[in-house]
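J.: So that we are looking at the same thing, I have put the structure below in C-alpha coordinates.
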Amino acid sequence: PTLDEVKASKKAEISAICEQVIYSGINVTLSDGEYHFSLTEKDQINLFGKLAQLTAGAEQVEYHADGMPCKYYSAEDMRNIVESALWHVSYHTTYCNTLNMWIAVCESAEEVQQIFYGADVPEEYRSEVLNAYLIQIAEIASKGGEDGESDM
(Lines give C-alpha, C1' and ligand atoms only; values in the text may rest on other atoms or scores of the structure.)
Protein backbone atom coordinates (compact mmCIF):
# COMPACT_ATOMS: atom_id res chain seq x y z
CA PRO A 1 0.00 0.00 0.00
CA THR A 2 1.03 3.59 -0.58
CA LEU A 3 1.73 5.97 2.31
CA ASP A 4 -1.59 7.73 1.63
CA GLU A 5 -3.43 4.40 1.84
CA VAL A 6 -1.66 3.51 5.11
CA LYS A 7 -2.62 6.93 6.52
CA ALA A 8 -6.24 6.55 5.42
CA SER A 9 -6.42 3.09 6.98
CA LYS A 10 -4.91 4.33 10.26
CA LYS A 11 -7.30 7.30 10.37
CA ALA A 12 -10.27 4.96 9.84
CA GLU A 13 -8.98 2.67 12.63
CA ILE A 14 -8.50 5.60 15.03
CA SER A 15 -11.95 7.02 14.18
CA ALA A 16 -13.67 3.68 14.79
CA ILE A 17 -11.98 3.27 18.17
CA CYS A 18 -12.84 6.84 19.15
CA GLU A 19 -16.48 6.29 18.26
CA GLN A 20 -16.54 3.05 20.27
CA VAL A 21 -14.97 4.78 23.30
CA ILE A 22 -17.47 7.64 23.13
CA TYR A 23 -20.48 5.37 22.62
CA SER A 24 -19.46 3.09 25.50
CA GLY A 25 -20.21 6.04 27.75
CA ILE A 26 -19.32 7.20 31.21
CA ASN A 27 -19.81 6.46 34.88
CA VAL A 28 -21.10 9.43 36.83
CA THR A 29 -21.32 9.75 40.59
CA LEU A 30 -24.64 11.33 41.56
CA SER A 31 -26.27 12.18 44.88
CA ASP A 32 -27.57 8.60 45.27
CA GLY A 33 -24.73 6.54 43.79
CA GLU A 34 -22.76 5.87 40.64
CA TYR A 35 -24.48 5.16 37.34
CA HIS A 36 -23.41 4.32 33.79
CA PHE A 37 -24.66 6.31 30.81
CA SER A 38 -24.06 5.23 27.22
CA LEU A 39 -23.33 8.01 24.78
CA THR A 40 -24.48 6.91 21.35
CA GLU A 41 -25.43 9.72 19.00
CA LYS A 42 -29.06 9.29 20.08
CA ASP A 43 -28.05 9.54 23.75
CA GLN A 44 -26.05 12.69 23.02
CA ILE A 45 -29.04 14.28 21.28
CA ASN A 46 -31.26 13.38 24.25
CA LEU A 47 -28.77 14.95 26.64
CA PHE A 48 -28.77 18.19 24.65
CA GLY A 49 -32.53 18.20 25.14
CA LYS A 50 -32.02 17.73 28.88
CA LEU A 51 -29.59 20.64 28.84
CA ALA A 52 -32.32 22.77 27.26
CA GLN A 53 -34.72 21.75 30.05
CA LEU A 54 -32.12 22.72 32.65
CA THR A 55 -31.43 26.02 30.92
CA ALA A 56 -35.18 26.74 30.96
CA GLY A 57 -35.12 26.32 34.74
CA ALA A 58 -36.33 22.76 35.30
CA GLU A 59 -35.75 21.66 38.89
CA GLN A 60 -35.87 17.98 37.97
CA VAL A 61 -35.41 16.19 34.67
CA GLU A 62 -36.46 12.73 33.53
CA TYR A 63 -33.75 10.40 32.18
CA HIS A 64 -32.38 6.91 32.70
CA ALA A 65 -29.04 5.30 33.36
CA ASP A 66 -28.15 2.16 31.40
CA GLY A 67 -30.38 -0.73 32.37
CA MET A 68 -32.41 1.40 34.77
CA PRO A 69 -35.98 2.70 34.56
CA CYS A 70 -36.58 6.31 33.70
CA LYS A 71 -36.63 8.51 36.79
CA TYR A 72 -36.41 12.12 37.80
CA TYR A 73 -32.97 13.51 38.47
CA SER A 74 -32.42 16.72 40.39
CA ALA A 75 -31.18 19.64 38.31
CA GLU A 76 -27.78 19.28 40.01
CA ASP A 77 -27.51 15.56 39.18
CA MET A 78 -28.71 16.09 35.60
CA ARG A 79 -26.24 18.94 35.14
CA ASN A 80 -23.49 16.58 36.36
CA ILE A 81 -24.58 13.92 33.83
CA VAL A 82 -24.72 16.40 30.94
CA GLU A 83 -21.43 18.13 31.79
CA SER A 84 -19.65 14.80 32.23
CA ALA A 85 -21.04 13.52 28.93
CA LEU A 86 -20.12 16.67 27.02
CA TRP A 87 -16.60 16.61 28.47
CA HIS A 88 -16.16 12.94 27.52
CA VAL A 89 -17.34 13.45 23.94
CA SER A 90 -15.37 16.66 23.47
CA TYR A 91 -12.14 15.24 24.91
CA HIS A 92 -12.23 12.09 22.78
CA THR A 93 -13.18 14.04 19.65
CA THR A 94 -10.29 16.44 20.25
CA TYR A 95 -7.87 13.58 20.94
CA CYS A 96 -8.96 11.75 17.76
CA ASN A 97 -8.54 14.93 15.71
CA THR A 98 -5.05 15.40 17.15
CA LEU A 99 -4.07 11.83 16.26
CA ASN A 100 -5.28 12.49 12.71
CA MET A 101 -3.13 15.64 12.52
CA TRP A 102 -0.14 13.61 13.71
CA ILE A 103 -0.84 10.89 11.12
CA ALA A 104 -1.03 13.54 8.39
CA VAL A 105 2.58 14.65 8.92
CA CYS A 106 4.10 11.16 9.06
CA GLU A 107 6.64 10.53 6.32
CA SER A 108 6.68 6.72 6.38
CA ALA A 109 4.32 3.80 6.85
CA GLU A 110 6.41 2.73 9.86
CA GLU A 111 5.77 6.08 11.57
CA VAL A 112 2.04 5.75 10.91
CA GLN A 113 1.93 2.22 12.31
CA GLN A 114 3.44 3.42 15.62
CA ILE A 115 0.37 5.60 16.27
CA PHE A 116 -2.51 4.06 18.23
CA TYR A 117 -5.55 5.22 20.18
CA GLY A 118 -4.25 5.90 23.68
CA ALA A 119 -0.77 6.97 22.58
CA ASP A 120 0.79 10.02 24.19
CA VAL A 121 0.79 12.65 21.46
CA PRO A 122 4.15 14.42 21.09
CA GLU A 123 3.91 18.05 22.17
CA GLU A 124 4.57 19.42 18.69
CA TYR A 125 1.33 17.84 17.43
CA ARG A 126 -0.91 18.79 20.38
CA SER A 127 -3.51 21.47 19.90
CA GLU A 128 -4.16 24.18 22.47
CA VAL A 129 -7.45 22.42 23.26
CA LEU A 130 -5.84 19.01 23.82
CA ASN A 131 -3.23 20.61 26.09
CA ALA A 132 -6.03 22.16 28.17
CA TYR A 133 -7.74 18.76 28.47
CA LEU A 134 -4.47 17.10 29.49
CA ILE A 135 -4.03 19.69 32.25
CA GLN A 136 -7.59 18.99 33.47
CA ILE A 137 -6.94 15.24 33.46
CA ALA A 138 -3.73 15.70 35.46
CA GLU A 139 -5.56 17.89 37.99
CA ILE A 140 -8.35 15.33 38.36
CA ALA A 141 -5.82 12.53 38.77
CA SER A 142 -3.94 14.48 41.43
CA LYS A 143 -7.21 14.87 43.39
CA GLY A 144 -7.97 11.18 43.02
CA GLY A 145 -11.02 11.83 40.84
CA GLU A 146 -13.05 12.67 43.95
CA ASP A 147 -15.05 15.49 42.40
CA GLY A 148 -17.58 13.37 40.53
CA GLU A 149 -15.90 13.63 37.16
CA SER A 150 -16.62 10.92 34.66
CA ASP A 151 -14.27 8.13 33.72
CA MET A 152 -11.88 9.10 30.98
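The values are calculated or read from the model by the stated rules, or taken from the named source; none is laboratory data. What you see is a predicted model; the values in this text were computed from it and never measured. Cβ sites come from the backbone with ideal geometry, for glycine too, and all protein chains shown count toward neighbours. Just so you know, the surface numbers come from the protein's heavy atoms only, side chains and all, with ligands and any DNA or RNA stripped out. Shrake-Rupley method; radii C 1.70, N 1.55, O 1.52, S 1.80 Å.
J.: Looking only at segment 76-88, decide whether some residue is at pLDDT 95 or above and not in a helix (DSSP H, G or I).
T.: No, segment 76-88 has no match at all.
J.: Given the structure, is ILE45 under 30 Å from PHE116 (Cα atoms) and exposed (fewer than 11 other Cβ atoms within 10 Å of the Cβ)?
T.: The answer is yes for ILE45.
J.: Does ILE115 meet the test of being surrounded by 16 or more Cβ atoms within 10 Å (Cβ to Cβ), over 16 Å from the mean Cα position of the chain (by Cα) and part of a loop (DSSP other than H, G, I, E, B)?
T.: In short, yes.
J.: Let me ask something else. Anything in segment 32-74 that is small (Gly, Ala, Ser) and farther than 17 Å from TRP87 by Cβ? List them, or say none. Spell out the reasoning first.
T.: Filtering segment 32-74 for residues small (Gly, Ala, Ser) gives 33, 38, 49, 52, 56-58, 65, 67, 74.
Selection gives GLY33, GLY49, ALA52, ALA56, GLY57, ALA58, ALA65, GLY67, SER74.
J.: Also: Would a scan of segment 12-32 turn up a residue that is closer than 24 Å to ASN131 by Cα, surrounded by fewer than 17 Cβ atoms within 10 Å (Cβ to Cβ) and of a type in the set (Val, Ile, Thr)?
T.: The answer is yes; a qualifying residue exists.
J.: Another question about this same structure. Here are the criteria: (1) aromatic (Phe, Trp, Tyr); (2) within 24 Å of TYR117 (Cβ to Cβ); (3) open to solvent by 20 Å² or more (accessible area, probe 1.4 Å); (4) free of Cβ contacts under 8 Å to residues at least 60 places away in the same chain. Tell me which single one TYR91 does not satisfy.
T.: Going through the list (1) aromatic (Phe, Trp, Tyr); (2) within 24 Å of TYR117 (Cβ to Cβ); (3) open to solvent by 20 Å² or more (accessible area, probe 1.4 Å); (4) free of Cβ contacts under 8 Å to residues at least 60 places away in the same chain, TYR91 breaks only (4).
J.: What pairs can you find where one residue is in segment 26-42 and at positive phi, the other is part of a helix (DSSP H, G or I) and surrounded by fewer than 17 Cβ atoms within 10 Å (Cβ to Cβ), and their Cβ atoms are less than 7 Å apart, with a gap of 6+ or different chains?
T.: Final answer for the pair search is none.
J.: For ILE135, indicate whether it is open to solvent by 40 Å² or more (accessible area, probe 1.4 Å), over 30 Å from GLY57 (Cα atoms) and not in a loop (DSSP other than H, G, I, E, B). Before you say what the answer is, go through the steps one by one.
T.: Working: open to solvent by 40 Å² or more (accessible area, probe 1.4 Å): yes; over 30 Å from GLY57 (Cα atoms): yes; not in a loop (DSSP other than H, G, I, E, B): yes.
Answer is yes for this residue.
J.: Under 19 Å from SER15 (Cα atoms), of a type in the set (A, V, I, L, M, F, W, C), at pLDDT 95 or above and out of contact with any Ser or Thr (no Cβ under 7 Å at 6 or more places or on another chain): is that true of LEU99 in this structure? Can you show your working first?
T.: Numbers: under 19 Å from SER15 (Cα atoms): yes; of a type in the set (A, V, I, L, M, F, W, C): yes; at pLDDT 95 or above: yes; out of contact with any Ser or Thr (no Cβ under 7 Å at 6 or more places or on another chain): yes.
Considered against the rule, which asks whether it is under 19 Å from SER15 (Cα atoms), of a type in the set (A, V, I, L, M, F, W, C), at pLDDT 95 or above and out of contact with any Ser or Thr (no Cβ under 7 Å at 6 or more places or on another chain), LEU99 comes out as yes.
J.: Oh, and also: Checking the conditions here, which among LEU39, LEU47, LEU54 is under 30 Å from SER9 (Cβ atoms) and of a type outside the set (Lys, Arg)?
T.: Of LEU39, LEU47, LEU54, the one residue that is under 30 Å from SER9 (Cβ atoms) and of a type outside the set (Lys, Arg) is LEU39.
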